[in-house]
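**Student:** Could you have a look at this structure, given as structure tokens, before my questions?
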Ligand SMILES: *Cc1c(COP(=O)(O)O)cnc(C)c1O
């Protein structure tokens, strides 16, 4: 296994050269270089830039824009990415139109000559809506914009946005890539080493939002099991979704793997499996949802996703007063525990509703 190169600085030769090939860890570090090469290979891109968090990666992408540029993004975009656009970049003169990206005419209407980025996030959070990546990337390109996909929920194992026409892919490595809820990180992968990717690299090197060598090492350690973890996340989620779908106290299950889900056909086309994330609405609204969340034992009540442990979360309360998420909705990150144990736990918690 690779050593962890904690050194921030690297010795110069007597002739002023850098015989180790490294100068200073903000610029380059063996652990970060190795991780970036692995991420580029996983997504099928030309190069990757790693960051200290998913939102640092998001921020670096938008730092490549100029005042007056325009962004089209999904209305149900990850709330942290919405914060970056609304609260960091709007005041620098970058405007964003948030649209329902499942409707192509809404995307078309939002595109302008100044549109530089069309942001795609699928499946979405927390309703697991799916966007037709190939169709939206095509609309973006016709308008002279770049299509960039946040591929965090699917992971490169289940969905490969470059094959569907995207120009860049972003990940929160904190989720499935890290896989153990013990490391924060982000990444941007470029299909080409083009001008757009060069801007991201510049934001990384000049802005300095890089991950530590240890964090890079932790993510690297998780990558060999990614494909197998994803298989198990998907298998468990499929069983839990099917169980909840039949439950009388559950009004709706949001999981593209269910045959009657409105995004099932699309997801089956652009994903190799349906993922480990699902949400469901408890009949009876917020109180009923809180009762379920309050009585689970095997699930942990916590935000985030993609770890080996199952998490459950009342989304509306973490999203705050601007949230449009239904009050009865619980989001689940299905972990790698025994599926029957997880189902038994949900069953006993749902029993408490209305008692
Ligand atoms: C978590 C997440 C992010 C942000 O990543 P951090 O590592 O938490 O900064 C961005 N997009 C999606 C879809 C996420 O789930």
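The values are calculated or read from the model by the stated rules, or taken from the named source; none is laboratory data. Just so you know, these numbers come straight off a predicted model, no measurement behind them. Cβ atoms come from the backbone with ideal geometry, glycine included; neighbour counts cover every protein chain shown.
**Student:** If I ask for residues that are farther than 25 Å from residue 128 by Cβ and outside any loop (DSSP other than H, G, I, E, B), which ones from region 63-78 would you list?
**Tutor:** Across region 63-78, the qualifying residue is only 70.
**Student:** Let me ask something else about it. Can you name every one of the helices (runs of 4 or more DSSP H) wholly within region 149-247 that holds 3 or more residues which are away from the ligand (no atom under 16 Å from the Cβ)?
**Tutor:** 195-207, 213-222, 226-245
**Student:** Another question, then. Residues in region 300-348 that are surrounded by 22 or more Cβ atoms within 10 Å (Cβ to Cβ) and in a helix (DSSP H, G or I): how many?
**Tutor:** So the count comes out to 2.
**Student:** Now for a different question. Return the residues of region 108-133 that are part of a helix (DSSP H, G or I), in contact (Cβ under 8 Å) with a residue 24 or more places away in the chain and farther than 29 Å from residue 303 by Cβ; say none if nothing qualifies. Outline the logic, then answer.
**Tutor:** Residues of region 108-133 that are part of a helix (DSSP H, G or I), as a first pass: 108-110, 133.
Add one more test, that the residue is in contact (Cβ under 8 Å) with a residue 24 or more places away in the chain, and what stays is 108, 110, 133.
Correct list: 108, 110.
**Student:** Another question, if that's okay. In this structure, does residue 136 turn out to be under 22 Å from residue 264 (Cα atoms), assigned to a helix (DSSP H, G or I) and away from the ligand (no atom under 16 Å from the Cβ)?
**Tutor:** Considered against the rule, which asks whether it is under 22 Å from residue 264 (Cα atoms), assigned to a helix (DSSP H, G or I) and away from the ligand (no atom under 16 Å from the Cβ), residue 136 comes out as yes.
**Student:** Something else about it: Pairs only if they're at least six apart or on different chains, beta carbon under 6 angstrom, first in region 171-185 and closer than 7 Å to residue 306 by Cα, second modelled with pLDDT of 95 or more and more than 10 Å from the ligand (Cβ to nearest atom); list them, first residue then second.
**Tutor:** Partner pairs satisfying both residue conditions: 176/155; 179/222; 179/229.
**Student:** Checking residue 85 against (1) outside any strand (DSSP E or B); (2) more than 16 Å from the ligand (Cβ to nearest atom), which single condition isn't satisfied?
**Tutor:** So the condition that residue 85 fails would be (2).
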